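Engineer: Below: one structure in structure tokens.
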Amino acid sequence: MREIGAGFASRLHTTGLLAAGRLSIRYEAQVGAMQHPVDGDGELARIELGRPSRYCESDRLAAVAASELAGLSGLELLDTVRQWVWSHIRYVSGSSRHTDGAVSTYLTREGVCRDFAHLVAALLRARDVPARGVSVYAPGLDPMDFHAVTEAWVDGAWYVVDATGLAPRTSMVRICTGRDAADTAFMTAQGGWVELDAIEIVAVAQPLLPVDLGGPAHLT
């Protein structure tokens with residue numbers, strides 16, 4: 001297995017062609033200190049993160065965003081988008097497909113964490129706010145799994161937005177950052193057939209799980 005660099009200071013672990021059979025991967029890490037938030041590739045990346053992407057079709061949601069979010073900006077806009085998605089979309093495990101984007105979530109009114117994150121990002125981009133997807137470990141999430149949130153660029157900083165409210169944001173640990181799930185999926189198979197038959201994620205915060213007070217927060 002090789003490690004290669006990706007955009008937004010992310011890393012990919014890749015394998016070549018493998019013989020048929022079972023492959024097991026185990027990964028452990030301990031985060032012992034706060035790090036500076038990832039800014040990616042600076043201004044150019046922020047321009048790109050204001051555009052539509054594979055799963056965040058902000059152009060197709062422009063009219064919705066204009067109707068629901070007119071006159072809002074800054075942190076008030078972020079909180080309003082979070083509340084709108086939380087109140088209009090039901091969290092239903094297994095309700096979406098890997099091909100579904102923000103428009104599908106808006107129309108069906110249900111999804112999982114990545115669908116919430118895509119819709120948040122798409123609505124923010126439709127209001128000219130750069131937004132990106134982040135996969136995270138989320139201590140406090142129940143049942144435990146990989147988690148997806150959004151980061152938005154406001155007043156010179158990246159703020160984390162999680163419309164699911166399923167785990168305290170200040171406990172989250174960044175795994176990967178990108179435009180959407182096309183960049184941040186925990187596993188992608190190319191050139192072959194892969195069946196995922198088991199996965200286990202354990203993420204804990206020590207000594208105590210922090211309390212999310214609901215104000216502005218940053219990922220590290």
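The values are calculated or read from the model by the stated rules, or taken from the named source; none is laboratory data. Small disclaimer: the values here were computed from a predicted structure and weren't measured. Here Cβ is always computed from backbone atoms with ideal geometry, including for glycine, and neighbour counts include all displayed protein chains.
Engineer: Specify the residue that is farthest from Leu107 (Cα to Cα); the eligible residues are those in the range 74-90 that are surrounded by 13 or more Cβ atoms within 10 Å (Cβ to Cβ) and free of Cβ contacts under 8 Å to residues at least 24 places away in the same chain.
Structural biologist: If we take residues in the range 74-90 being surrounded by 13 or more Cβ atoms within 10 Å (Cβ to Cβ) and free of Cβ contacts under 8 Å to residues at least 24 places away in the same chain, then Asp79 is farthest from Leu107 (Cα to Cα).
Engineer: Considering (1) free of Cβ contacts under 8 Å to residues at least 60 places away in the same chain; (2) at negative phi, say which one Arg109 fails and leave the rest.
Structural biologist: Going through the list (1) free of Cβ contacts under 8 Å to residues at least 60 places away in the same chain; (2) at negative phi, Arg109 breaks only (2).
Engineer: Next question, about the same structure. Using the structure shown, decide if Pro130 is surrounded by fewer than 23 Cβ atoms within 10 Å (Cβ to Cβ) and in contact with a helix residue (DSSP H, G or I) (Cβ under 8 Å, 6 or more places away or on another chain). First the steps, then the outcome.
Structural biologist: Numbers: surrounded by fewer than 23 Cβ atoms within 10 Å (Cβ to Cβ): yes; in contact with a helix residue (DSSP H, G or I) (Cβ under 8 Å, 6 or more places away or on another chain): yes.
Yes: the conditions hold for Pro130.
Engineer: Need a quick list: strands (runs of 3 or more DSSP E) entirely within the range 126-179 having at least 1 residues that are among the aliphatic types (A, V, I, L, M) and free of Cβ contacts under 8 Å to residues at least 40 places away in the same chain.
Structural biologist: Values: elements: 131-137, 147-154, 157-161, 173-178.
By residue number, 147-154.
Engineer: Further, regarding this structure: Determine, yes or no, whether Asp212 is of a type in the set (Asp, Glu), more than 17 Å from Leu49 (Cα to Cα), assigned to a loop (DSSP other than H, G, I, E, B) and touching a residue at least 24 places away in the same chain (Cβ under 8 Å).
Structural biologist: Working: of a type in the set (Asp, Glu): yes; more than 17 Å from Leu49 (Cα to Cα): yes; assigned to a loop (DSSP other than H, G, I, E, B): yes; touching a residue at least 24 places away in the same chain (Cβ under 8 Å): yes.
Yes; evaluated as a whole, the condition is true for this residue.
Engineer: Out of the range 97-144, which residues are of a type in the set (A, V, I, L, M) and more than 16 Å from Ala182 (Cβ to Cβ)?
Structural biologist: At the first step, the residues of the range 97-144 found to be of a type in the set (A, V, I, L, M) are 102-103, 107, 112, 117, 119-124, 126, 129, 131, 134, 136, 138, 141, 144.
Within the range 97-144, Leu107, Val112, Val120, Leu123, Leu124, Ala126, Val129, Val136, Ala138, Leu141, Met144 qualify.
Engineer: What is the number of the single condition among (1) aliphatic (A, V, I, L, M); (2) exposed (fewer than 10 other Cβ atoms within 10 Å of the Cβ); (3) out of contact with any Ser or Thr (no Cβ under 6 Å at 6 or more places or on another chain); (4) at pLDDT below 95 that Ala70 does not meet?
Structural biologist: Only one criterion in (1) aliphatic (A, V, I, L, M); (2) exposed (fewer than 10 other Cβ atoms within 10 Å of the Cβ); (3) out of contact with any Ser or Thr (no Cβ under 6 Å at 6 or more places or on another chain); (4) at pLDDT below 95 is unmet by Ala70, namely (4).
Engineer: Which residue out of His118, His88 is over 20 Å from Thr188 (Cα atoms) and either at pLDDT 95 or above or acidic (Asp, Glu) (or both)? Explain how you work it out, then say what you get.
Structural biologist: On the way: His118 fails: over 20 Å from Thr188 (Cα atoms).
Only one candidate passes the filter, namely His88.
Engineer: For a quick check of your reading of the model, give me the residue pairs whose first member lies in the range 186-208 and is closer than 14 Å to Tyr27 by Cβ, whose second is in a loop (DSSP other than H, G, I, E, B) and aromatic (Phe, Trp, Tyr), with beta-carbon atoms closer than 7 Å and at least 6 apart or on different chains.
Structural biologist: Hits for this filter: Phe186/Phe146; Ile201/Phe146.
Engineer: How about the range 74-124: which of its residues are outside any helix (DSSP H, G or I) and touching a strand residue (DSSP E or B) at 6+ places or on another chain (Cβ under 9 Å)? Please lay out each step first, then the result.
Structural biologist: Quick first cut of the range 74-124, residues outside any helix (DSSP H, G or I) only: 89-101, 109-112.
Result: Ile89, Arg90, Tyr91, Val92, Ser95, Ser96, Asp100, Arg109, Glu110, Gly111, Val112.
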